[in-house]
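Written below as C-alpha cells is the structure these notes are about.
The values are calculated or read from the model by the stated rules, or taken from the named source; none is laboratory data. Worth saying up front: this structure is predicted, and the values here are computed from it rather than measured. Quick reminder, even Gly has a Cβ in these numbers, built from the backbone with ideal geometry, and neighbours come from all protein chains shown. Ligands, DNA and RNA are stripped out before the accessible areas are found, and what is left, the full protein with its side chains, is counted by its heavy atoms. Shrake-Rupley method; radii C 1.70, N 1.55, O 1.52, S 1.80 Å.
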Amino acid sequence: MPNISKINEIILPSATMEITAKARELKASGKPVIGFGAGEPDFPTPAYIVEDAKRAAENPIYHKYTPVNGLPSLREEIARTTEEYSGYKISPDSVLVTNGGKQAIITAFMSVLNREDEVIIPKPYWTTYPESVKIAGGKPVFLESDIASDFKITKEQLEDTKTSKTKVLVWTSPSNPTGVVYTPKEAKEIYEWAFSNDIWILSDELYEHFVYEGESTPSPATLDTNLDNTIIINGVSKAYSMTGWRVGWMIGNNEVINVAKKIQSHSVSNVSNISQAAAKSALEHGLEETLRMKKAFNRRRLLAINLLSKTKFISTNIPKGAFYIYPDVSEALGGEKIKGISSSYELCNWLIEEYHIAFVPGEAFGTPGSIRCSYALGDEDLEEGLSRLSHAFENL
Ligand SMILES: Cc1ncc(COP(=O)(O)O)c(C=O)c1O
C-alpha cells in the first residue's frame, strides 16, 4: 500500500467532536447522558430562517453554483451587519463566504503562511487553531495564561515570544474555551503591539454577540480600517443557532481575499447556495432571536457559576462571554482521590462512563487540569448534570 501523508503524524482529531460523538453514542444506547461538551446553542434555528431556506430550495436559481466568494446579496448583508454590530466599514468584496468559521480559519492560514512561519496562539486555545496552522504548513507557538491571570495574555508575553518568523497572532475574545472577554484597553494594547510589529491578527469574532458583563472587546478592524494587519473570522453558527448550516466568512484586504478565493475555487467552489440564502435571512432579520438566546445563556451562566463554586475540587473564574466555563479540576487529580485518575482526560472519561455527564478535557485546549463546561443546554439538564458532578466528587 502506498503510504499516507505525514500530516497524519502531526495533527490530532478534534477532541470536542470526539466527546460529542461519545455522548451521542451513549445516549443512543439509552444512557441518560447530559452533554456539557457541545459548542453549539441548544435552540433550533429560528423558524423564519428555515422558511426562507425552504423557499430557496424550491427555487431553481438556488440549485446552481454561486460565485466562489459567495452570493453578492449575502456579502452585502455581511458588510451591512459588520458595520452595524462590529463598528467597522467594509466592502462586500472584502468578504469570502466559507463553510463555517472553521473553514475561514484554515483558509486564512493558508492565505498568509509560508512554511515554518510562526503563529502565536494563547493558551487555553480553541482546539482547531494549532491543527489548522499545522495543516497550512505553519508552526504554532503557544503563550501561557491561567486562572490567576483570568486567562489573559499580556503585551510583555508577546514581546518575549516574538521571533523573526512570527507572522500571525490568534485572537479570540470572547474566548472558547474560557469565556474570557478582554477590556477595550487590554485589547487595544495588544492590537497596537501587533500592528507595530507588522504581525497579522486573526480575530475570531464568532461569539461577539454573547457578552454578559462589562464592555465588549472592539474588533482590531476598528483601528486597522484598511485591514493591513487584520483578518476577521465570523459566521452565523453561534449567533443564530445555525451550526449545521455551515456558513461563516472571512474578511480581509484585497490581497488576502484574492488568494483565499483561489484556494476556495479549487477546494469547495462555494458554500451551499441554500445555506447562503438561510444566512442572508438570518442577517436580514436582526438580532431579536440572538438576544433571546443571550438572555437564556446568561441565566444558565449564573446558575452554572453558582453550582460549580460549591463543588468540591473545582475552582473557576467568572467568564463574561461566549457560553463556556473553564473550571480547574487539578485538585481532583493524582493521589488516591479518584482511583487511578491522574489527568483531566481520564477524569472526563470517568465522568461520562460512570455519571453520564460529558465535558471536554483541558488537554484539547492545551491546558490539562481543566475541563470545558458548555452551558448551552437546557436549565433542567444543566442543574441535573452539575449536581451529578458534585455528587461524583462528594462521594469519593
Ligand atoms: C472560537 C470558535 N471559532 C470558530 C468556530 C467555528 O464555528 P463554525 O465553523 O461552526 O462557524 C467555533 C466553533 O466551535 C469556535 O468556538
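Couple of notes before you dig in:
- FRET E, pair Asp146, Asn226, Förster distance 41 Å, beta-carbon r, rounded to 0.05: 0.70
- Expressed as a whole percent, the accessible area of the chain that falls on carbon and sulfur atoms is 51 (1.4 Å probe).
- For the peptides 321-334, 363-376, 15-28, the ranking by packing is 363-376, 321-334, 15-28, with the highest mean count of neighbouring Cβ atoms within 10 Å listed first.
- Computed over neighbours whose Cβ is under 13 Å from that of Glu380, the net charge equals -2, Lys and Arg +1, Asp and Glu -1.
- The residues of the chain expose, per residue, 44 Å² of accessible area to a 1.4 Å probe.
- At R0 = 30 Å, FRET efficiency that the Cβ-Cβ distance of Leu12 and Ser315 yields, to 0.05: 0.65
- Of Lys339, Lys185, Lys155, the one that fluctuates the most in a GNM where the chain has Cα springs shorter than 10 Å: Lys339
- Of Lys185/Lys310; Lys185/Lys295; Lys64/Lys280; Lys22/Lys139, those spanning more than 24 Å from alpha-carbon to alpha-carbon: Lys185/Lys310; Lys185/Lys295; Lys22/Lys139
- Rounded to 5, the percent of DSSP beta bridges in the chain classed as antiparallel: 45 percent
- Taking each residue as 0.36 nm, the span from Asp198 to Lys185 lengthens on full extension beyond its C-alpha to C-alpha distance by 2.7 nm.
- Cα long-axis angle, helix 184-196 against the chain (0 to 90 degrees, to the nearest 10): 50 degrees
- Partners for Lys162 among aspartates and glutamates (Cα-Cα distance below 17 Å; same-chain residues under 8 apart left out): Glu116, Asp117, Glu118, Glu144, Glu189, Glu192, Asp198
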